[in-house]
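The structure appears right after this line, and notes come after that.
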Amino acid sequence: MEILVCVKRVPDSSENEIEVKGDGTDIERDDLVYSVNEWDNYAVEEAIQIRDKVGGTVTVASVGDEETEEVIRREMAMGADNGIHLMDDAFEGSDGKGLATTLKALVEQGSYDLILTGAQADDGAGQVGGMLAAMLDYPFASLVNLIEVVDDKKIKVGREIAGGNQEMNEIDLPCVLSIQTGINEPRYVGIRGIRKVASVEIPVKGVSDLGIDAGVVGAAGAKVKRLDYFVPELGEGAEMLEGSTEEIIEKLIELLKAKGGIK
Amino acid sequence: MAEIFAYILHKDGKADDTAYELINAAAKIDPEAPVTAVVAGSGSELDSACSEAAKIYPAVWKIDNEALAYVNAEAVRPMLVNIIPKGAVLLLPHEHFGMDLAPGLSIKLDAAYLPDVVDFEGVEGSTLNAIREEFSGMVSTHVAADLSGGVVVTVRPGAFAPDEDAAASGEVVDKSGDAGAAPALMRRYLETLVAEVGEVDITKSEILLSIGRGIEDEENLEIVFDLAKVMGADVSCSRPIVDAKWLEKSRQVGTSGQTVKPKVYIACGISGSFQHLGGIKGSPFIVAVNKNPKAPIFQAADVGVAADILEFLPELQEAIEELKG
Ligand SMILES: Cc1cc2nc3c(=O)[nH]c(=O)nc-3n(C[C@H](O)[C@H](O)[C@H](O)COP(=O)(O)OP(=O)(O)OC[C@H]3O[C@@H](n4cnc5c(N)ncnc54)[C@H](O)[C@@H]3O)c2cc1C
């Protein structure tokens, strides 16, 4: 099975406090810790496990600036066979459709049976996988939390729906799936693993290599534009308990007793 | 002005809560615009969902097709492409079905796509202005979508107040013919596997001590179970704890987990994502303990403590034990 996994380098929001720059044009990026988008990491792990079971290759692709290479390399250290770095000034300001257009061109240069994306990334949009599938006229399933290879023509997938229930589907290959967290337990990548792939060549492709018109991607092609970042005016919010830990605990216990929070 | 359509989810003949919210989302885009509900399915369940939608919306379009007895996004998509007029705004809820259908639908309609919108700021010329959140709700953004080719929008459940009156008397128009035949499917629905009930049923708990990624390590779970014991609480959690396999899925609170209705909910090391908060109903008294004083959970909580849970929870336990003697 030839598998392509699309990944994104993002600020790790469980490690960082995200602050908006004074002029609202961006978030403060200087001291941020970046990593691979959590959902994408599950997708790469899943691809590796499928390959190890049925054979084939795993290719990891990412659209992004120079720094993006470190994320592709990290996923190769996990066990992906190939990496492709999609980088061009023309990609700057792409909306979801622009990204899907870029990835479509990449898919058409290969012959992939299975294309995985994360269910969503740092912007919470969850759009690229579904758009890519529609552009390719491939079937799509979102929020996938189980994959079983049936044969080389079809697979069985579980989708996470409400209430912890799982919707089972059969889907023809080639297809695009967006992967939900918890589908597997992504392996740990140590320094040694990273060192092993430190000198592997990761090809870089831009608009001309992909044969796309620069006007349909990036800010030029975007139908949706982010105008700014801001922190919304907060409501009243919680009453924050202040004082020494002892004082806080005393107040909290009183409140809990009053509300029936201690039996 | 563009026409607005709202896609209605329904189950067992009843319209979803979001059906009542999308009408108010539409009004925020343009209070003058005509709004039509689109309801797809089959048989008598579809008919009762349509009647309910007609109480909320001035017009209802019905798509009745046996192939939609279980609505598969890939089956309904070409039907919507056949009937939604060019340039329209189509609203769907941002949950597992909307996320499945909307991105691909926007491509097939050649429309812009606005995902997970929490508010609208109206229409300016040929631009639809909306508000979204990024980084799990830590920052917001203003976004502008080009309206000239239409826009598909997924609206966050709970972001708009429901229409309480439901006093419309819309006409139900059968659009099944225009929607066309069901396509040959490359993705086929097989069955729904219902989640197992775990050792505790958190949907029945009165006091929930809920933990999130802030617990940091599986070994620290002990702290939480010890405290829960002295409080008489049950332990629930956010999704990452289940993803890490530290607790069973039946303890997860949220849109893809359980819906709970306790009297008191204590969120420890939980950031407060909308998917998590979506599982807390019945307006419990919410206490949040989080080391980040700016965590979004403090917007949802009644009382907050800015503290490290690994230090705070054992101290709280000691104090309760002393009290109980
Ligand atoms: C389709 C979909 C469905 C989803 N369904 C659900 C669902 O049903 N339920 C759910 O919970 N999530 C769900 N999620 C995931 C959700 O978006 C969030 O990722 C998740 O809720 C975050 O969990 P968390 O708050 O525990 O972790 P984080 O967001 O990582 O937050 C951890 C918090 O702990 C604090 N913290 C860290 N260390 C400490 C410490 N020592 N002391 C005190 N505080 C500390 C941090 O400040 C932070 O606020 C879903 C996501 C998707 C895409």
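Structure data summary
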{"item": "Residue ranges of helices (runs of 4 or more DSSP H) in the stretch B:13-110 with at least 2 members among the small types (Gly, Ala, Ser) and either touching a residue at least 60 places away in the same chain (Cβ under 8 Å) or closer than 21 Å to A:LYS223 by Cα (or both)", "result": "B:17-29, B:43-56, B:96-109"}
{"item": "Matching helices (runs of 4 or more DSSP H) fully within the stretch B:217-318 where at least 2 residues are within 27 Å of A:GLY158 (Cα to Cα)", "result": "B:239-243, B:274-277"}
{"item": "Subset of the stretch A:127-136 (residues that are at the interface with another protein chain (Cβ under 9 Å from one of its Cβ atoms) and open to solvent by 20 Å² or more (accessible area, probe 1.4 Å))", "result": "A:GLN127, A:VAL128, A:MET135"}
{"item": "Residue among B:ALA244, B:ALA195, B:ALA181, B:ALA228 that alone is out of contact with any Lys or Arg (no Cβ under 6 Å at 6 or more places or on another chain) and within 21 Å of A:TYR42 (Cα to Cα)", "result": "B:ALA244"}
{"item": "Residues of the stretch A:213-263 classified as under 28 Å from B:THR141 (Cβ atoms) and either without any contact (Cβ under 8 Å) to a residue 60 or more places away in the chain or at the interface with chain B (Cβ under 9 Å from one of its Cβ atoms) (or both), total", "result": "20"}
{"item": "Residue satisfying all of: in the stretch B:222-241; open to solvent by less than 20 Å² (accessible area, probe 1.4 Å) and farther than 21 Å from A:LYS263 by Cα; farthest from the ligand (Cβ to nearest atom) among these", "result": "B:ILE241"}
{"item": "Number of the exception - A:PHE140 against (1) touching a residue at least 12 places away in the same chain (Cβ under 8 Å); (2) surrounded by fewer than 24 Cβ atoms within 10 Å (Cβ to Cβ)", "result": "(2)"}
{"item": "Leading residue by the ranking (nearest to the ligand (Cβ to nearest atom)) among those in the stretch A:74-91 that are part of a helix (DSSP H, G or I) and more than 13 Å from the chain's Cα centre (by Cα)", "result": "A:ARG74"}
{"item": "Close pairs from the stretch B:276-302: first more than 10 Å from chain A (Cβ to nearest Cβ), partner away from the ligand (no atom under 12 Å from the Cβ), Cβ under 7 Å, at least 6 apart", "result": "B:ILE280/B:TYR265; B:LYS281/B:LYS261; B:GLY282/B:LYS261"}
{"item": "Single residue of A:SER244, A:SER208, A:SER199 found to be closer than 30 Å to B:PRO296 by Cβ and polar (S, T, N, Q)", "result": "A:SER244"}
{"item": "Of all residues making up the stretch B:297-314, the number that are crowded, with 23+ Cβ neighbours inside 10 Å and either outside the structural domain of B:GLU216 (by TED's automatic domain parsing) or closer than 11 Å to A:ALA238 by Cβ (or both)", "result": "5"}
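The values are calculated or read from the model by the stated rules, or taken from the named source; none is laboratory data. What you see is a predicted model; the values in this text were computed from it and never measured. Please note: Cβ atoms are built from the backbone with ideal geometry, for glycine as well, and neighbour counts cover all protein chains shown. All accessible areas refer to the heavy atoms of the entire protein, side chains included, with ligands and DNA or RNA removed. Shrake-Rupley method; radii C 1.70, N 1.55, O 1.52, S 1.80 Å.
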